[in-house]
Amino acid sequence: MSQEIVDEVAKYLTSNIPIVPISQGAEAVVFTTTIHPYIPSSNNEKKEKFIIKYRPTKKYRHPLIDKSLTKHRTLSESRILSKLYQIDGIKVPKLIACDPYNGCIWLEFLGEDLPNGFGFSNLKNFLWMNAKDPYNDCVKDTLYKVGQQIGLLHWNDYCHGDLTSSNIVLVKDEDYGTNWIPHLIDFGLGSTSSLVEDKGVDLYVLERAIISTHSSFADKYNEWLIQGFSDVYKSKGKQGNKKLNEVLKRFAEVRLRGRKRSMIG
Amino acid sequence: MVNLNTIKPKNNRNYYLALGLEGSANKLGVGILKHPILPSHESGDNSHHCQAEILSNIRDTYITPPGEGFLPRDTARHHRNWCVRLIKRALEEAGINDPRNDIDVICFTKGPGMGAPLHSVVIAARTCSLMWGVDLVGVNHCVGHIEMGREITQAINPVVLYVSGGNTQVIAYSENRYRIFGETLDIAIGNCLDRFARTLKIPNAPSPGYNIEQLANKCKNKDQLVELPYTVKGMDLSMSGILAYIDSLAKDLFKGNKKNKILFDQKTGEQKVTVEDLCYSLQENLFAMLVEITERAMAHVNASQVLIVGGVGCNVRLQEMMGQMCKDRANGQVHATDERFCIDNGVMIAQAGLLQYRMGDVVKDLKETVVTQKFRTDEVYVSWRE
């Protein structure tokens, strides 16, 4: 992450809000902080952490394009997050504050560090941690639950747009110490859509992501994901079964397309 | 382990000579390229560092009148008319008197491209091959661009943005293939610019895109933009809607349709937007989309270098924007070439073809030289890299 961007964020947040950079994606930079935007910090005795997701100005594009994109994307991400948080069963981080004009959102912090230096507890690191015993019950259970999350998301007519194993954060289940509850994050490309096409593409993107990062075990992993996905639809009765068939049929069609047609040149 | 030196050059020389023939669109290019034998090529991934010497690089462009595009039939006729002359000139410039003994391999564009022009050039390639008894190699046009860009800029493993009249792709190398991470869902960026140039009826020489760039530079009010659709879809993009919209604006402007409030002030009837403004807005919008998907690909594969190839890659504004994007990423570097290598040329076909030849991949039977309009970048097995 370039120092300029860190400075830009620090200037926007002022020196009263200390930040620790975590990652830089293509579009946004992510920080953690211990300051809540509106609850006095004296209440924060547990030293709770929060996430700040900031979309820096992209100097390469025209300021007008940049402003409108930043505003649009921040707002749509916040909207989707707040809607999803209200739906029973769907696990997403809680939205705390949002400043669309400056491209900044505050979120609840999720996840933890995995043991033995495997890094942050997203699905990608978790699967790598389990690479020695790739098909154990914990992996199966987790992937099944991830599938369920995506199933619920689609059932409620939302699409994620960028499903990869690093966009799924695992949180320890407080009741059963060894189990993980998957949460979906990063809805920057999310949308509401009732089209089977969008859902099929969503599933295809996830399948490709799993194949490219966990290639040796991808078949089994994808099977479990689809199992969890299907069970959500099946539990919705006759209509659920009908919709499931439509989505899976389109998913198979999208897969056949590969990455689209050839171009001339 | 890659060994580029297994096939010995003709007559025990210490260098290879390749003739490259390109004619997949309206440019006919002939180039002759020399590769010395380097010890560093015996092992390891050094295909970006061939110390290639360009002995000749000649191009002739079929230019149509303003407002018209190039049709396959007429382009093919142009290539047929000029091919022999260009090859003769190229040989002369390179100082080759006896192609039978001097040239190791003839490389031609196998695809993708327009069928008829590809055909007329491959016929020339086959004829030369039979006449001189020289081996043939069929080259993927896109891989030609990538390999030439890597050789000129010495970029080791960049994310490649390939932007031209027929292609818009973001490519990264992995496991012996140039994999496509993002591409256009409908028309290519060059196509979009060319067709807008046709609507504006501006000249097609030296190239429509260049003339749009010059008009955009003349835009007086760079603080304002004409709002256009911004259509990035994940790592893909779509440009047909933008073209249709800006075309309709340009037509309204020429007709003087005062009812259009984007173009004319509704109270005074004064014109608010000029052709230069439209060109400027179009470029800003399209290039912002290109840079965004490139950045996405870079973040995805964790790369720090970008290489811009293809005809639109000469655009200074695009290079500038890419440079700015790279500056904001850790150790970001942008590599671009000038019009000699960006725009279709014969040398790039010779470069990729010679690498292929040195790995022992030659045409064994003329049946294999059939050209194809559809030939994806990721279909090629890149044996010369690790």
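Let me spell it out: the conditions are (1) closer than 25 Å to A:N245 by Cα; (2) out of contact with any helix residue (DSSP H, G or I) (no Cβ under 9 Å at 6 or more places or on another chain), and A:H160 meets all of them except one. Which number is the exception?
Every condition holds for A:H160 apart from (2).
For B:Q169, all conditions in the list (1) over 20 Å from B:M359 (Cα atoms); (2) surrounded by fewer than 24 Cβ atoms within 10 Å (Cβ to Cβ) hold save one; what is the number of the exception?
It is condition (2) that B:Q169 fails.
Taking the condition touching a helix residue (DSSP H, G or I) at 6+ places or on another chain (Cβ under 8 Å) and either closer than 21 Å to A:S235 by Cβ or aromatic (F, W, Y) (or both), does A:L153 pass?
It is true that A:L153 is touching a helix residue (DSSP H, G or I) at 6+ places or on another chain (Cβ under 8 Å) and either closer than 21 Å to A:S235 by Cβ or aromatic (F, W, Y) (or both).
Going by the structure shown, is B:S281 buried (at least 24 other Cβ atoms within 10 Å of the Cβ), farther than 30 Å from B:L19 by Cα and within 12 Å of chain A (Cβ to nearest Cβ)?
So B:S281 passes the test.
Among the listed residues B:V382, B:V312, B:V363, identify the single one that is at pLDDT 90 or above, closer than 22 Å to B:I32 by Cβ and more than 10 Å from chain A (Cβ to nearest Cβ).
Of B:V382, B:V312, B:V363, the one residue that is at pLDDT 90 or above, closer than 22 Å to B:I32 by Cβ and more than 10 Å from chain A (Cβ to nearest Cβ) is B:V363.
Name the one entry in B:V306, B:V312, B:V316 that is touching a residue at least 60 places away in the same chain (Cβ under 8 Å) and either of a type in the set (F, W, Y) or touching a Pro at 6+ places or on another chain (Cβ under 6 Å) (or both).
Result of the check over B:V306, B:V312, B:V316: B:V306.
Read through the list (1) surrounded by fewer than 15 Cβ atoms within 10 Å (Cβ to Cβ); (2) at pLDDT 90 or above, then give the number of the only condition that A:S230 fails.
Every listed condition holds for A:S230 apart from (1).
Against the conditions (1) within 13 Å of another protein chain (Cβ to nearest Cβ); (2) more than 25 Å from the chain's Cα centre (by Cα), where does B:V273 fall short? Just the number, please.
The failed condition is (1).
Filter region B:290-302 down to the residues that are surrounded by fewer than 22 Cβ atoms within 10 Å (Cβ to Cβ) and either hydroxyl-bearing (S, T, Y) or farther than 17 Å from B:L237 by Cβ (or both) and list them by number.
Scanning region B:290-302 gives B:V301, B:N302.
Just the residues that are charged (D, E, K, R) and surrounded by 22 or more Cβ atoms within 10 Å (Cβ to Cβ), please, taken from region B:80-114.
Correct list: B:D104, B:K110.
Can you find, within region B:316-331, the residue that is farthest from B:N157 (Cα to Cα) among those that are of a type in the set (S, T, N, Q) and more than 8 Å from chain A (Cβ to nearest Cβ)?
B:Q319
If B:N211 satisfies every condition in (1) more than 14 Å from chain A (Cβ to nearest Cβ); (2) over 25 Å from the mean Cα position of the chain (by Cα) but one, which is the exception?
(2)
Tell me which residues, restricted to region B:169-182, are facing chain A (nearest Cβ under 8 Å) and in contact with a Leu (Cβ under 9 Å, 6 or more places away or on another chain).
B:Q169
Taking A:D202, is it part of a helix (DSSP H, G or I) and within 14 Å of chain B (Cβ to nearest Cβ)?
Judged against the criteria, A:D202 is a match.
Are any of the residues in region B:344-359 within 12 Å of another protein chain (Cβ to nearest Cβ), crowded, with 16+ Cβ neighbours inside 10 Å and out of contact with any Pro (no Cβ under 6 Å at 6 or more places or on another chain)?
Within region B:344-359, one or more residues are within 12 Å of another protein chain (Cβ to nearest Cβ), crowded, with 16+ Cβ neighbours inside 10 Å and out of contact with any Pro (no Cβ under 6 Å at 6 or more places or on another chain).
Taking the criterion of being touching a residue at least 12 places away in the same chain (Cβ under 8 Å) and in contact with a Ser or Thr (Cβ under 7 Å, 6 or more places away or on another chain), would at least one residue in region A:230-249 satisfy it?
Yes; the residues of region A:230-249 include at least one that is touching a residue at least 12 places away in the same chain (Cβ under 8 Å) and in contact with a Ser or Thr (Cβ under 7 Å, 6 or more places away or on another chain).
Which strands (runs of 3 or more DSSP E) does region A:85-181 wholly contain that include 2 or more residues that are more than 14 Å from every other protein chain (Cβ to nearest Cβ) and over 24 Å from A:H214 (Cα atoms)?
A:95-99, A:104-108
Give the residues of region A:107-134 that are under 18 Å from A:E48 (Cα atoms), in contact (Cβ under 8 Å) with a residue 24 or more places away in the chain and more than 15 Å from the chain's Cα centre (by Cα), sorted by residue number.
Within region A:107-134, A:E112 is the sole residue that qualifies.
Can you tell me which residues in region A:156-179 are surrounded by fewer than 22 Cβ atoms within 10 Å (Cβ to Cβ) and touching a Phe, Trp or Tyr at 6+ places or on another chain (Cβ under 8 Å)?
Those that are surrounded by fewer than 22 Cβ atoms within 10 Å (Cβ to Cβ) and touching a Phe, Trp or Tyr at 6+ places or on another chain (Cβ under 8 Å): A:G161, A:V171, A:K172, A:D173.
Condition test on B:I87, is it closer than 18 Å to B:Q351 by Cβ, of a type in the set (A, V, I, L, M) and outside any strand (DSSP E or B)?
Considered against the rule, which asks whether it is closer than 18 Å to B:Q351 by Cβ, of a type in the set (A, V, I, L, M) and outside any strand (DSSP E or B), B:I87 comes out as yes.
Among (1) within 12 Å of chain B (Cβ to nearest Cβ); (2) out of contact with any strand residue (DSSP E or B) (no Cβ under 8 Å at 6 or more places or on another chain); (3) modelled with pLDDT of 85 or more, which single condition is A:R208 missing?
(3)
Looking at (1) within 10 Å of another protein chain (Cβ to nearest Cβ); (2) under 29 Å from B:E22 (Cα atoms), find the lone condition where B:Q305 falls short.
(1)
Given the criterion within 9 Å of chain A (Cβ to nearest Cβ), within 27 Å of B:P66 (Cβ to Cβ) and either among the small types (G, A, S) or out of contact with any strand residue (DSSP E or B) (no Cβ under 7 Å at 6 or more places or on another chain) (or both), identify the matching residue among B:K233, B:K201, B:K222.
B:K222
Evaluate the following for B:R59: is it in a helix (DSSP H, G or I), in contact (Cβ under 8 Å) with a residue 12 or more places away in the chain and among the basic types (K, R)?
Spelling it out, it is not the case that B:R59 is in a helix (DSSP H, G or I), in contact (Cβ under 8 Å) with a residue 12 or more places away in the chain and among the basic types (K, R).
Out of region A:27-57, which residues are within 14 Å of another protein chain (Cβ to nearest Cβ) and either of a type in the set (D, E, K, R) or buried (at least 18 other Cβ atoms within 10 Å of the Cβ) (or both)?
Matches in region A:27-57: A:E27, A:A28, A:V29, A:V30, A:Y54, A:R55, A:P56.
Any residue in region A:92-102 that is in the same structural domain as A:T213 (by the TED database) and without any contact (Cβ under 8 Å) to a residue 24 or more places away in the chain?
Looking through region A:92-102, none of the residues is in the same structural domain as A:T213 (by the TED database) and without any contact (Cβ under 8 Å) to a residue 24 or more places away in the chain.
Could you say which residue among A:S23, A:S82, A:S78 is within 14 Å of another protein chain (Cβ to nearest Cβ) and under 22 Å from A:N122 (Cα atoms)?
A:S23 is the lone residue from the list that is within 14 Å of another protein chain (Cβ to nearest Cβ) and under 22 Å from A:N122 (Cα atoms).
What's the number of the condition B:M148 fails, among (1) touching a residue at least 24 places away in the same chain (Cβ under 8 Å); (2) surrounded by fewer than 21 Cβ atoms within 10 Å (Cβ to Cβ); (3) away from every other protein chain (no Cβ under 14 Å)?
(2)
The values are calculated or read from the model by the stated rules, or taken from the named source; none is laboratory data. As the structure is a prediction and not an experimental result, all values here were calculated from the model. Cβ sites come from the backbone with ideal geometry, for glycine too, and all protein chains shown count toward neighbours.
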